[in-house]
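J.: Sending over a structure as structure tokens; questions will come in a sec.
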Amino acid sequence: MKQGTKQLYFDNPYQVEFKAHIIGREKHEQGPILILDQTCFYPESGGQPADKGRINGVEVLDVLEKDAKILHVMQSEVESDEVNGVIEWETRFDHMQQHSGQHILSQCFDTLFDAKTLSFRLGLRASTVEIDKRDIMEDEVEKVETLANEIVFQDEEICTYITPEEMIEKVPLRKPPQKKGHIRVVQISDFDYSACGGTHPNKTGEIGLIKILKWERIRNNLRFEFVCGRRALVDYGVKNRIIREVAVKFNVGEGELVGSIDKMIAELKDHRRRLRKAQEKILDIEAQEIMRNAEGDVIKEIFADRPPDEMRILALTIIRSGKYIVLFGTDLQDRVHVVLACSESLERDMRDLIPVVSPLIGGKGGGRPTLVEIAGQKAENLKLALDKASEFLGI
Ligand SMILES: [Zn+2]
């Protein structure tokens, strides 16, 4: 049997430096691969990402596990057969905090709701656990957090040991092991027993605060996003700053923020409604004036920078007030908009004008027999387009 790699992180997850012999070299699309007789580098496994670091000063891009060997994907070739490796402690410790936090959270869901953990993913910013549970209330989530953090505050011991397969039934594992043979158990006091090959601290106090950020329904389960330790501290800092800044803008205490925002939204809605009513009144007065000043039943006008919906309301008011043909256009700086409308009793189809007007203003349009709208770009042809429309209509 070929020699495997001794996984130093199993015995001591705090070890960051090591010496090793190269026992194999392979090629990978990302770079050369080194296989060592022993390593501190944890390969991506069980939801926990690979460690980062350097071997003989060369960056380790990825770490994989294959047939009891640990494969180090290197940035470039390492010449010497004896090497010094060093892993990035900050990343390792972060992974230890998140992964151990997950074990505790999973056991909390199990203890409180008999809900099993289906999957775990340690992400770059937050981690997720998928739990076999359909619904959860806010206060139930709080219960999970309270229990989880109690385990942290009690600074319980975390120990790891290998158990032969035939003895594993005696260990009250939260979840049956996925592997056969010798099973590595991660035990948190008498609270949680997990079959796991991950890196974990010696005491739960090192995990720091465990915080659930949010949850969502996925398939028929719930997926919880959470952060632990330093990540929780960073997250708290960001959110605290946002809340402080918003509270200053509203000139209220943090506890009154939601009420203030609700009040502002209600006021805004009310203002919008009043504004719309006032606009309708003004447009109605304007429509009456246009009709009074009209010579005949054709009303042609080009507005400067007029919102298209105002033009549409004006046109509709006019065509509903008598027998009129309305040809409106507006120059909106970077574009133009045309509204062509006629009273129903005239029995004309304004859609016939689309192929006449559209090419002139470089646009596209559509509508119904009594009203069409065309949006285009060529402001210089706006007058010409309306003239051609009148010509086409024979008016
Ligand atoms: Zn684990």
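J.: Out of segment 15-114, which trypsin sites (Lys or Arg not before Pro) are coil in DSSP terms and have no more than 11 other C-beta atoms within 10 Å?
T.: Taking segment 15-114 and a limit of 11 other Cβ atoms within 10 Å, no loop trypsin sites (Lys or Arg not before Pro) are found.
J.: For Cys228, Cys159, give the ranking by accessible area with the largest first, probe 1.4 Å.
T.: Details: Cys228 0, Cys159 55 Å².
Ranking Cys228, Cys159 by accessible area, largest first, yields Cys159, Cys228.
J.: Taking all protein chains in place and a 1.4 Å probe, what share, in percent, of the accessible surface of the chain do carbon and sulfur account for?
T.: Working: 11120 of 22240 Å².
Ligands and nucleic acids excluded, carbon and sulfur reach 50 percent.
J.: Would you please give the residues with an amide H less than 5 Å from that of Lys203, counting only those at least 5 places away or on a separate chain, with H modeled from the backbone geometry?
T.: Ile158
J.: Working with all protein chains in place, sort Glu156, Glu301, Glu130 by solvent-accessible area computed with a 1.4 Å probe, largest first. It would help to have the intermediate numbers written out before the result.
T.: Details: Glu156 45, Glu301 70, Glu130 15 Å².
Listed by decreasing accessible area, they come as Glu301, Glu156, Glu130.
J.: Using only Cα atoms, find the angle between the long axis of helix 230-250 and the longest principal axis of the chain, and express it within 0 to 90 degrees, rounded to the nearest 10.
T.: Rounded to the nearest ten degrees, it is 30.
J.: Then there is this: Roughly how far apart, in whole Å, are the Cα centres of segment 73-106 and segment 156-227?
T.: 19
J.: Assuming a ≥ b ≥ c are the square roots of the Cα gyration tensor eigenvalues, decide whether segment 296-361 counts as rounded (a/c under 1.5), prolate (otherwise, with a/b larger than b/c) or oblate. Numbers along the way, then the final one.
T.: Working: a/c = 2.35, a/b = 1.38, b/c = 1.70.
Since a/c reaches 1.5 but b/c is at least a/b, the shape of segment 296-361 is classed as oblate.
J.: With the other protein chains left in place, how much accessible area per residue, in square angstrom, belongs to segment 290-393 at a 1.4 angstrom probe? Please report the intermediate quantities before stating the final value.
T.: Values: 5260 Å² over 104 residues.
Each residue of segment 290-393 exposes 51 Å² on average to a 1.4 Å probe.
J.: With the cut-off at 1.5 for a/c, could you classify the chain from its C-alpha gyration tensor as rounded, prolate or oblate? Don't skip to the end; give the middle numbers.
T.: On the way: a/c = 3.65, a/b = 2.41, b/c = 1.52.
In terms of gyration-tensor shape, prolate.
J.: Placing unit charges on C-beta atoms (Lys and Arg positive, Asp and Glu negative, everything else neutral), compute the dipole magnitude of the chain about its Cα centre in debye, rounded to 20.
T.: Details: 56 positive and 67 negative charges, 195 e Å.
Dipole about the Cα centre, nearest 20: 940 debye.
J.: For all pairs of alpha-carbon atoms in segment 6-87, what percent lies in each bin of width 10 Å, listed from the first bin to the last filled one?
T.: Using 10 Å bins, I get a P(r) of 20, 62, 18, 0 for segment 6-87.
J.: Could I ask something else about it? How far is helix 89-113 tilted off the main Cα axis of the chain, in degrees rounded to 10, range 0 to 90?
T.: Orientation of helix 89-113: about 80 degrees from the principal axis.
J.: Among Ile131, Gly181, Leu283, whose Cα projects farthest towards the positive end of the dipole of the chain, with charges put on the beta-carbon of Lys, Arg (+1) and Asp, Glu (-1)?
T.: In the chain, that residue is Leu283.
J.: In deg cm²/dmol and to the nearest 500, what is the mean residue ellipticity at 222 nm of the chain if only DSSP H runs of at least 4 residues count, each as -39500 (n - 2.57), divided by the residue total?
T.: On the way: 8 runs with 135 residues, N = 395.
Helix contribution divided over all residues of the chain: -11500 deg cm²/dmol.
J.: Follow-up. Find the centroid of the Cα atoms in segment 1-70 and in segment 305-346, then give the distance between the two in whole Å.
T.: 73
J.: Give me the accessible area per residue for segment 93-247, probe 1.4 Å, as a whole number in Å². Intermediate results must be reported in sequence, preceding the final value.
T.: Details: 8260 Å² over 155 residues.
About 53 Å² of surface per residue is accessible.
J.: Given axes a ≥ b ≥ c from the Cα gyration tensor, I'd like to know whether segment 271-322 is rounded (a/c under 1.5), prolate (a/b larger than b/c) or oblate.
T.: prolate
J.: Could you give the accessible area per residue of segment 6-87, probe 1.4 Å, as a whole number in Å²?
T.: On the way: 4040 Å² over 82 residues.
Heavy-atom SASA per residue in segment 6-87 reads 49 Å².
The values are calculated or read from the model by the stated rules, or taken from the named source; none is laboratory data. Not measured: the values here are computed from a predicted model. Backbone-built Cβ (ideal geometry, glycine too); neighbour counts: all protein chains shown. SASA here: full protein model, heavy atoms, side chains in, ligands and nucleic acids out. Shrake-Rupley method; radii C 1.70, N 1.55, O 1.52, S 1.80 Å.
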